[in-house]
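A.B. asks: Encoded as structure tokens, here's the structure I'll be asking about.
The values are calculated or read from the model by the stated rules, or taken from the named source; none is laboratory data. Given the structure is predicted, the values throughout are model-derived calculations rather than measurements. Cβ: placed from backbone, ideal geometry, glycine included. Neighbour counts: every protein chain shown.
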Amino acid sequence: MSLLKVFDVAGSGLAAQSMRLNTTASNLANADSVAGDASKVYRARQPVFAAALREFSADGASDDAAVGVRVLGIVESQAPVTRRYEPGNPLADAEGYVWASNVNTVEALADMISASRTFQSNVEVINTSRDLLLKTITMGR
Amino acid sequence: MRMLDDIFGIHESALKLRGERVGVLAANLANADTPNYKARDLDFAAVLAGEQGAMSLGLVTTSAGHLGAIGAGAAGGDLKYRIPFQPSLDGNTVEVPMEQAAFAENAVRYQASLMFINRKIASIETAITGN
């Protein structure tokens, strides 16, 4: 029954997008974080998505149609971190510099909008499929 | 009872295919942000024609124990890749508004098939009970 697999597929989409919303929230929260060392400073992170091929076919049938999403991992941005002169900051190093995170706020906000749109369309898919299934099980009444 | 086999006619296969297509379109929407994912869809008319052909021709069986080919269903081979209007740089070809429109259309047609089947059941019931 293909309609039941829709819940797995759309559910995996919801999980992936909420992971993305989580990293976006973390990026925005740490947009102004500083550290006294370039290796310790917060770097923008984002999830890597991949299609989960053949993950939902427990019986090994040809179920290529229902492809969910899987989060392969979280990667940190390789953008350069900036050095600021802030001798008053308690985190500043011996020369008075702090390292600021490389979060791009505009990028993070755009990412958030994209994630919430995709989340919404997955919710819509689940609602519609549920209605169709409910109508199907009352067939003939 | 030959009549009972094709009570629902085309609507039986149509309902099954619409159900499969819901899954395909849901997969497209779930992978809207997956790099290198290629959007797919069922060529509905072609698959349905194939199903109908299988139904009317059937499979020659020489023994009562042989299984027919009816209801083989849409295999993964019937899935076709969408041609994107505007492919994105990360290799993803899902166009969310198009997929949403297709999903809505498919849901309406699914309900239409379901309604035809329900009406058919009601009329058969009337015929059986005679009132």
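A.B. asks: If a residue has to be surrounded by fewer than 21 Cβ atoms within 10 Å (Cβ to Cβ), not in a helix (DSSP H, G or I) and not aliphatic (A, V, I, L, M) to count, how many in the range A:1-46 make the cut?
C.D. replies: Going through the range A:1-46 one residue at a time, the tally reaches 10.
A.B. asks: Now for a different question. Any chance the range B:107-120 includes a residue that's more than 15 Å from the chain's Cα centre (by Cα), at pLDDT 90 or above, outside any helix (DSSP H, G or I) and buried (at least 16 other Cβ atoms within 10 Å of the Cβ)?
C.D. replies: no
A.B. asks: So if I check each of A:SER114, A:SER101, which one is farther than 24 Å from A:ALA15 by Cα, in contact with a Lys or Arg (Cβ under 9 Å, 6 or more places away or on another chain) and either surrounded by fewer than 18 Cβ atoms within 10 Å (Cβ to Cβ) or modelled with pLDDT under 95 (or both)?
C.D. replies: Result of the check over A:SER114, A:SER101: A:SER101.
A.B. asks: Now for a separate question. Show the residue pairs meeting these rules: Cβ distance below 9 Å; 6+ apart or different chains; first residue within the range B:77-103 and within 23 Å of B:ALA45 (Cβ to Cβ); second residue loosely packed, with under 14 Cβ neighbours inside 10 Å and among the β-branched types (Val, Ile, Thr).
C.D. replies: Pairs found: B:THR93/B:ILE83.
A.B. asks: Are there any pairs, at least 6 apart or on different chains, whose C-beta atoms fall under 6 Å, with the first in the range A:102-121 and facing another protein chain (nearest Cβ under 10 Å) and part of a helix (DSSP H, G or I) and the second surrounded by 15 or more Cβ atoms within 10 Å (Cβ to Cβ) and among the hydroxyl-bearing types (Ser, Thr, Tyr), and if so, which?
C.D. replies: Once the first residue is facing another protein chain (nearest Cβ under 10 Å) and part of a helix (DSSP H, G or I) and sits in the range A:102-121, its partners that are surrounded by 15 or more Cβ atoms within 10 Å (Cβ to Cβ) and among the hydroxyl-bearing types (Ser, Thr, Tyr) give A:ASP111/A:THR24.
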